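*Asks:* Next up is a structure, given as structure tokens.
The values are calculated or read from the model by the stated rules, or taken from the named source; none is laboratory data. Nothing here was measured: the structure is a model prediction, and the numbers come from that model. So basically every Cβ, Gly included, is an ideal-geometry build from the backbone, and we count neighbours across all protein chains shown. Please note that ligands, DNA and RNA were not included when accessible areas were found on the heavy atoms of the full protein model with its side chains. Shrake-Rupley method; radii C 1.70, N 1.55, O 1.52, S 1.80 Å.
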Amino acid sequence: MIKTETNYSMRACLFAFFMGVVLSLGLVTAPVASAQDEANAQAPVQVRPDFIKSIRVIGNQRVEANTVASYLLIAPGDRYSEERIDLSIKTLFATGLFADVLIEPGDGNLVIRVVENPIINRVIVEGNKALKTDKITDELEAAPRSVFTRSRVQADVQRIVDLYSQSGRFAAQVIPKVVQQDQNRVDLIFEITEGPTTGIKRINFIGNNEYSDRRLRKQLATKESIWYKFLTSNDNYDPNRLEFDREQVRTFYTDRGFADFRVVSAVAELVPNQKDFYITFTVDEGLEYTWGDITVETELEALDQKVLEAIVPIRTGRIYRSSDVEAAIDTLTFASGAAGYAFVDIQPQIKRNRETKTVDLVFNMVEGPRVYIERIDIVGNTTTLDYVIRREMELVEGDAFNRILLDRSRNRVRGLRFFEAVEITEIQGSTPDRAIVEVKVVEQPTGELSFSAGFSSASRFLVDFTISQRNLRGRGQQLRLAIRASSFRQEIDLRFTEPRFLNRNLAAGIELFNITNDFTRQAGFRSTRVGAQATLGFRVTDFTSLQARYALRRETVDCSAALTQTNPQLCLQQNNRLSSVLGYTFNWDRKNDPIQPTGGFDLFLTQDFAGLGGDVKYLRTEFRAATYRGIIKDVVATLKVSGGFITGWGGDAVQINDRFFKGSQTFRGFDRAGIGPRQVILNNPAFPEGQRGNALGGNAFGHAVAEVSFPLVASLTGSIFIEAGTVGLLDDEFRVTPDPNILIVRDDLSIRSVVGSSIFWTSPFGPIRFDFTQSLARESFDEAVSFQFNTSTRF
């Protein structure tokens, strides 16, 4: 009973308390409500106007009132509409110019009250060390004298964070700060905490049975972080690069027979300390296929199906390669274009046969819709004039669209070597059968200021200085002045070339020169040539060209006293000679790229005939050829061969300054004039095999180079090479010496060969090449070197 009474008393107390609160609230709120009703009753009721009488803008500082009014969807005289008022407010906010907008209808005289967003006075980036300020500000939308909005600032914060993520700093934090200035201006400050650099701890593969993890890692652009690879920047996590790596792995497998291959997933996991990522690729290799039946189906009359199937570079039984399909389409497209079908649509149909593990391929060729070029736009040429680029195009406005001719045009424009990049794209024209061709170029320096230096086995230092401009005044003209001085050669050479002489496809040039070659140490003579040369070149076909030239020069040869005594026949031409030389050069160029070829070949044949007047009579013939082949990405094999022969006529022998001297840059691993016929002194006990004497040069030479170039790290490129060649075949009268027991002439056309490696460095002050060589076969009287380098810079 006590417990029941106690509970009852507590309930009564709570009820009483609750009722007291309710009553008190009622007593307080009732008068307030009455007062508000009384106030509303006394305030004038705002009546919505029927029409708009006038519009007045208040609060604008920089934006003109007329500009504000132009964004409104209403105007004086219009019927008043709440919907249009609301849309007008939204439109003004959408401009980004205003922080607040209020429209008061009044009695028809609208008042637009605005609060303008401030203007950014300065954009300041603080705390950045890993990234340069320019790189950050280039990505920002906020800029001095632009309108400040919070949404824009937040977007810029995300852009900065993304930049740091791409550079491997995922812990970077960016805090924006605003400092108010007078005249409604602000300073925008981005305070950056960069955080540690995140690397790639490990790259793993799951599901790969045919190829090891190590082999697959080599296909990726992303690399694992290793302490000694401090020059690389690919050892951090980049989502975009990871997507590229997925495609690289897929291409690797599908080019090796795995047509069903797929990357199931590519996952990057950040370790808790936020310093490293683990990247895991899960792959499904599938079956390995070979090519099955390869057929071409076409209804085009001028195309023979059997001929087309014969030229397709795919053979039944070979390992399936996905890249073969694109190569075959290019071949068929070229063949169609050559047959007169500029508009051919080629659709490959691939059928996989899992039972036989073969892939059947059918190319369906139909004539596509005809498209004509409406306009050719040149973009990005800040220096080069339009007509210089247009004259290299093999298509003009109104021509039928032809992909093959566009590709050739791109190579011809790149072949000018005026541009860092050339891209040709087509855009839909005004009608479906019209296309606009856009030629986008990126200018590069065409002037060259070169400095080269080298060392020989005798510790001689050589210097070479040249200044040239290959695109004079943006007209494609070439002007070159060379002033060279070294212990071997002094040269002043001035030449000018007009690539379109008389507005025709003729390249005309003039050259003035004064050249002194000092072979006193190597061959005992010094020659000087002063004269002029005129050239005229033209294109014979799409891939061949011919250049004719005529030179008139005064030549003098000064022989050393020792050479005059030991072999006076060599110095018969010491007096001044006038040379009148007519020659030509034929070029056949089938490289797939004029600057960095990975396929094709080129060939040069040169002949010079001396004797059209003057005192010298000879016929000189030289040739050189090179073939290129890409092995894998960025790895290119090159094979070069060259040779030459000179013979006198009309009873004249070939004099010493007209012969071939090889070495240094023309034969790595040997000094200048380091190989070939040479005098050998026999009466020196210190040299049992004979002491090296003067180099005599040869009437013939042959030279071959096999080289493989490949990328290293950052801006370094390497190559390994083997070179072999010979120089010889002196005229009989120059092999005679006064005393064969003391002095003889060695001329046996023996083969010399070297192996070596080169390192190319694109340094901040110009490209540099280092050559390291080791002789395999040489004569005891040859002059060999083991190291050389040269450098140049451009402007």
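*Asks:* Please find, within segment 473-514, the residue that is farthest from residue 529 (Cα to Cα) out of those that are aromatic (Phe, Trp, Tyr) and modelled with pLDDT of 85 or more.
*Replies:* Step by step, filter segment 473-514, then rank; the result is 501.
*Asks:* Examine segment 422-433 for a residue that is touching a helix residue (DSSP H, G or I) at 6+ places or on another chain (Cβ under 6 Å) and either modelled with pLDDT under 85 or within 29 Å of residue 589 (Cα to Cα) (or both), and state whether such a residue exists.
*Replies:* Within segment 422-433 (the criterion being touching a helix residue (DSSP H, G or I) at 6+ places or on another chain (Cβ under 6 Å) and either modelled with pLDDT under 85 or within 29 Å of residue 589 (Cα to Cα) (or both)), the answer is yes, since at least one residue qualifies.
*Asks:* Now for a different question. Any chance you could count how many residues in segment 379-420 are assigned to a loop (DSSP other than H, G, I, E, B), among the small types (Gly, Ala, Ser) and within 23 Å of residue 472 (Cα to Cα)?
*Replies:* Of the residues in segment 379-420, 1 are assigned to a loop (DSSP other than H, G, I, E, B), among the small types (Gly, Ala, Ser) and within 23 Å of residue 472 (Cα to Cα).
*Asks:* Out of all the residues in segment 164-175, is one or more of a type in the set (D, E, K, R) and open to solvent by 50 Å² or more (accessible area, probe 1.4 Å)?
*Replies:* There is no residue in segment 164-175 that is of a type in the set (D, E, K, R) and open to solvent by 50 Å² or more (accessible area, probe 1.4 Å).
*Asks:* Whether any residue in segment 164-172 is modelled with pLDDT of 85 or more and not in a loop (DSSP other than H, G, I, E, B) is what I want to check.
*Replies:* Scanning segment 164-172, I find no residue that is modelled with pLDDT of 85 or more and not in a loop (DSSP other than H, G, I, E, B), so the answer is no.
*Asks:* Can you report the number of residues in segment 699-729 which are out of contact with any strand residue (DSSP E or B) (no Cβ under 6 Å at 6 or more places or on another chain) and part of a strand (DSSP E or B)?
*Replies:* Total satisfying the criteria: 0.
*Asks:* Which of the residues spanning segment 122-163 are among the acidic types (Asp, Glu), open to solvent by 90 Å² or more (accessible area, probe 1.4 Å) and closer than 19 Å to residue 185 by Cα?
*Replies:* 141
*Asks:* Based on what the data block shows, is residue 107 more than 14 Å from residue 160 (Cβ to Cβ) and either without any contact (Cβ under 8 Å) to a residue 60 or more places away in the chain or assigned to a strand (DSSP E or B) (or both)?
*Replies:* When the stated conditions are applied, residue 107 does not pass them.
*Asks:* If residue 331 passes every condition in (1) over 24 Å from residue 165 (Cα atoms); (2) of a type in the set (S, T, N, Q); (3) open to solvent by less than 70 Å² (accessible area, probe 1.4 Å); (4) touching a residue at least 24 places away in the same chain (Cβ under 8 Å) but one, which one does it miss?
*Replies:* With respect to (1) over 24 Å from residue 165 (Cα atoms); (2) of a type in the set (S, T, N, Q); (3) open to solvent by less than 70 Å² (accessible area, probe 1.4 Å); (4) touching a residue at least 24 places away in the same chain (Cβ under 8 Å), residue 331 is out only on (4).
*Asks:* Do we find a residue being of a type in the set (Ser, Thr, Tyr), under 28 Å from residue 172 (Cβ atoms) and open to solvent by 40 Å² or more (accessible area, probe 1.4 Å) anywhere in segment 295-318?
*Replies:* no
*Asks:* Out of segment 591-601, which residues are surrounded by fewer than 15 Cβ atoms within 10 Å (Cβ to Cβ) and modelled with pLDDT of 85 or more?
*Replies:* 599
*Asks:* Restricting the search to segment 102-116, which residues are open to solvent by 20 Å² or more (accessible area, probe 1.4 Å) and within 19 Å of residue 147 (Cβ to Cβ)?
*Replies:* Listed by number, the residues that qualify are 113, 115.
*Asks:* How about segment 151-192: which of its residues are free of Cβ contacts under 8 Å to residues at least 24 places away in the same chain, small (Gly, Ala, Ser) and more than 23 Å from residue 61 (Cβ to Cβ)?
*Replies:* 155, 172 - these are the residues of segment 151-192 that are free of Cβ contacts under 8 Å to residues at least 24 places away in the same chain, small (Gly, Ala, Ser) and more than 23 Å from residue 61 (Cβ to Cβ).
*Asks:* Name every residue in segment 515-530 that is open to solvent by 20 Å² or more (accessible area, probe 1.4 Å) and at pLDDT 70 or above, in order of residue number.
*Replies:* Selection gives 515, 517, 518, 526, 528, 529, 530.
*Asks:* Return yes when residue 65 is surrounded by 12 or more Cβ atoms within 10 Å (Cβ to Cβ), under 30 Å from residue 183 (Cβ atoms) and modelled with pLDDT of 50 or more and no when it is not.
*Replies:* yes
*Asks:* While we're looking at this one, here's another question. Just name the residue that is modelled with the lowest pLDDT out of those in segment 264-309 that are under 30 Å from residue 368 (Cα atoms) and in a loop (DSSP other than H, G, I, E, B).
*Replies:* Out of the qualifying residues, it is 302.
*Asks:* From the list 371, 422, 441, 366, pick out the single residue that is closer than 30 Å to residue 292 by Cβ and surrounded by 13 or more Cβ atoms within 10 Å (Cβ to Cβ).
*Replies:* None of the other options fit; the residue is 366.
*Asks:* I need the full set of residues from segment 629-641 which are under 19 Å from residue 668 (Cβ atoms) and within 26 Å of the chain's Cα centre (by Cα), in order please.
*Replies:* 636, 637, 638, 639, 640
*Asks:* Mind counting the residues in segment 188-208 that are open to solvent by 70 Å² or more (accessible area, probe 1.4 Å) and under 14 Å from residue 249 (Cβ atoms)?
*Replies:* Residues that pass the stated criteria total 1.
*Asks:* To continue, here is another question. Could you check, for segment 730-737, whether at least one of its residues is without any contact (Cβ under 8 Å) to a residue 24 or more places away in the chain and either surrounded by fewer than 13 Cβ atoms within 10 Å (Cβ to Cβ) or assigned to a strand (DSSP E or B) (or both)?
*Replies:* yes
*Asks:* Could you check how many residues of segment 540-577 are open to solvent by 20 Å² or more (accessible area, probe 1.4 Å), among the small types (Gly, Ala, Ser) and either at pLDDT below 70 or over 38 Å from the mean Cα position of the chain (by Cα) (or both)?
*Replies:* 3
Here's the yes/no breakdown for (1) touching a residue at least 40 places away in the same chain (Cβ under 8 Å); (2) within 29 Å of residue 761 (Cβ to Cβ); (3) in contact with a strand residue (DSSP E or B) (Cβ under 7 Å, 6 or more places away or on another chain):
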site	(1), (2), (3)
202	yes, no, yes
212	no, no, no
221	no, yes, no
236	yes, yes, yes
240	yes, yes, no
264	yes, no, yes
